[in-house]
1. Per-residue mean of other chain beta-carbon atoms within 10 angstrom of the beta-carbon, peptide B:28-35?
2. Grab the other residues whose beta carbon is less than 12 angstrom from that of A:Gly533, score K and R as +1, D and E as -1, and report the net.
3. Is the stretch B:2-205 rounded, prolate or oblate when judged by the Cα gyration tensor, a ≥ b ≥ c being the square roots of its eigenvalues, rounded requiring a/c under 1.5 and prolate requiring a/b larger than b/c?
4. Spit out the partnerless Cys residues in chain A, using Cβ distances under 4.7 Å as the pairing rule.
5. Averaged over its residues, how many other protein chain Cβ atoms are within 10 Å of peptide B:19-26's Cβ atoms?
6. Ranking request for peptides A:22-32, A:582-592: highest mean number of other beta-carbon atoms within 10 Å first, then the rest in descending order.
7. As a footprinting exposure proxy, order B:Phe183, A:Phe561, A:Phe9 by other Cβ within 10 Å, with the fewest listed first.
8. Per-residue HN-Hα couplings for the stretch A:564-577, Karplus 6.51 cos²θ - 1.76 cosθ + 1.60 at θ = phi - 60°, whole Hz, x for Gly and Pro?
Amino acid sequence: MTFEWLHPFLIATALLLAAVGAVRRVNLWRAGQPESVDFVAGLMAMPGRYLHDLHDIVERDKYMSKTHAATGGGFVLSLLLVILVHLFGVQSQILAWALLASLALMFIGAVFVFKRRLNPPSRLSKGPWMRLPKSLLAFSSAFFILTLPMAGVLPEVAGGLLLTIVLSIFIAMGLSEMLLGMTWGGPMKHAFAGALHLAFHRRPERFGGGRSTGLKPVALDQRVLGVQKPEDFKWNQLLGFDACVQCGKCEAVCPAFAAGQPLNPKKLIQDMVVGMAGGSDARYAGSPYPGKEVGQANGGPLLTITEGLIDPDTLWSCTTCRACVEECPMMIEHVDAIVDMRRFLTMETGSTPNKGAQVLDNLIATDNPNGNAPASRTNWAADQNLPLLRDLKETDVVFWVSDGAFDMRSQRILRAFVSLLKAANVDFAVLGDEELDSGDVARRLGDDATFQSLAKRNIAALSQYKFKRIVTTDPHAYHCLRNEYADFADGLFDNIEVLHHTTYLNELVQAGKLKLSRFKGGKVTYHDPCYLGRYNGEYEAPRELLRSLGIEIAEMERSGFRSRCCGGGGGAPITDIPGERRIADMRMEDVQTTGAELIAVGCQQCTAMLEGVVEPRPQVKDIAEILAGVLLEDEAENNVESQLEEAF
Amino acid sequence: MLLDANTSMDLKIVSLISVGKHPTSGRARRAEQDGRAVELGLSVAEAGRGKQNLTVLHAGDSQQSALRSYAGMGLESVRVIQLRESADAVSPLTEYLRKHAPDIILTGVRAESGESSGMVPYLLAEKLGWPVVPRIANIVSIKEGVAEVLQALPRGQRRALTVRLPFIASVDNAAAEPRQSAFGPASRALIEQQQASSDADAVRSEWSELPARKRPKRLKVVKAKTAADRFKAATAKPQGSGGKVLKDEPVTEQAQAIFDLLLEEGVLR
């Protein structure tokens, strides 16, 4: 073949330029704030994280997981062999055959990528991503033909000059996409940044089936609180943004996006990349933020994000439901980024929208979001004769009442739960007025100062007493107590178990401590609260409880880890960013497709949101209420009652 | 806000702040009306040359953390005339204000704790010899040393007044709500402390404090028969009925009329 030097030269140049690009890209990430990471352990764990954690998520879409395994696996293998065979000129028929096989694998994968790109779903980004399958095909086919002579299949110099020119163009095209694009910002960037992101992830606990959902605390003595400029992110958060493949799985599950609120998690991450690298979003080729045009946003590493790059409304639309995080194959942490930026807006500029400021003021002045008198916290239980920890000093179970104490609808849930605790003869007590708001809303609204103050005072109250467990009916308080208080608790929570009431009730029912009759009523579906499911992995206990009543759950299409948010999380009802529809209405439509007459819920916030949907609609009941409704009273008591009835 | 360029350049504003008390928890906080006084001061200052034209002044304890919640509105500093708890704030404030000679002094209508008499603006005005405009909702414009202010009246009504600088105004609840207090600026703001001596507030030392009781309200009998009447009753300016305007009558006659009314209402027995 003529120009024998040409192809090795092209490969070497591409590798060199890719290396230069890599250094530049790494420097973009290094502009972020320091965060200590175990580099060696991370890099060692990276292949395993790729093959298990990442691939498990991709595997939810079988078509794509097979396609990606073929294309990606074929490419990595091919690249190594191409370097050996074509750059270093290792003469080996075995290597050449191996290269042919891996290129063939990559080619097959690329064909499927191409096929999917023929009629791509709206969640996929277009633009350069439409070019990618062609580049993949060019790369694999050109190197395939180039390798044939080395495998001894084709005689040398078949085709001549024309073929050489065509091959060289294909190779140049393939190499620039696959190698230059990897570090200079093409679609293949996801491979380079993604691999490092997996290695240096900010929440390594998530790998290997773990869960890490608690927000990271803010050091309150910093120069700027929260994230003002892209540089204020931790360096590995910036790296994480770069790992995005723009698959749009986040967009497809985002409740705010579906409701037409100005949020699209994918666009948000891409805007973070624009901010980190500097420039405008004009080249973004995916779905926009609903109601906002693409091409207007400009940013830079040292520019304030919310002045020109992202509209604050975008950040305030998020319900922190974590559906995007759960769905992201690259395990990017959207919610962390959004709350980081909210922290700046709340703690530096004081611009929490709508009722935000009022709620935060109330939390500061009265320790509850609606400004109720702190001393009226136990008024709901005036007729309940609840034991107070202040009197007992020691108990088995602390019932964390939460702010539902001030809300008449939630009080029905609390009463139902108390009746179950009493029926099961549980040794329990409440904190009474010593309990404060958990700080959930303050933290999601970006006011970490208020959250920390509430958390520390709650911890101080709890640490006066001896107990083994905390049980709460509020998944938001549950999440704070279980996952976020440990940062301030000095080991207090090491020996304390925090449970959601459904988990605890299930324990009681399975142990036979509660006598329940079978549920008589229509079809029942179960709505997974985000803060119970995705945040804490509890999908099974509520279902087991319902099944133990003889209920066959009519599952919604979006249930379990894919459950759609009710719209009530993250302070979203407080900031109340307008959209085209209400999230709760969409969730109710999900319910109605199952034909259920009753929605079983495990969260007072979900109850409020779903009951806010106009009738006619199915009834909404907390699982505690359903259980209390079928609770068989003690026989002795029944006898007394019947005697009384006879007497009158 | 319309500000005359020449005047606004040198316009000096002082917002006086006190420590508020939350109605249900009783905790110290940013007082609602004083917060509005700072908000109005900020918006006048921002329309002019900038925040440095506004001084936010407190007479009392500089360690009080509620002062930080005013600072969180974006103030670089809060100036505090350090006083003992029992001290009377009026004379050190007068001294300070006489020395710094601001153009506008903004206060709340009354404090949320302590005497809550609402007398501070009047006492200051008396000592400084300045006019007082009570219960303003906004400062519309300042031109050639004359400010046009809107005074808040019941039922959302406003009265436009013009007043020559310098003046003291108390800010009504109808004024713009104070902006959100942000933790970052609040914790970084400078509390500029200055010492002052003052006589003990003799009147106050003799008082004992009790939680406020709601004042008994006169039963309002709505006689309206139709929705239109009820709407009118709820919104229209109450027309004085049965009252008398005694303007040119002799003083004794006026006093007698008041005395008769008090007897009639059962205030005097």
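1. 1
2. +3
3. rounded
4. Lacking a cysteine Cβ partner under 4.7 Å: A:Cys244, A:Cys247, A:Cys254, A:Cys318, A:Cys328, A:Cys480.
5. 5
6. The densest-packed peptide leads the list: A:582-592, A:22-32.
7. Arranged by neighbour count, lowest to highest, B:Phe183, A:Phe561, A:Phe9 become A:Phe9, A:Phe561, B:Phe183.
8. Couplings: 8, 4, 7, x, x, x, x, x, 4, x, 7, 6, 6, 7 Hz.
Values in this text are rule-based calculations from the coordinates and carry no lab data. Owing to the predicted nature of the structure, the values given are computational and were not obtained by experimental measurement. Because the Cβ atoms are built from the backbone with ideal geometry, glycine has one as well, and the counts that use them run over all protein chains shown.
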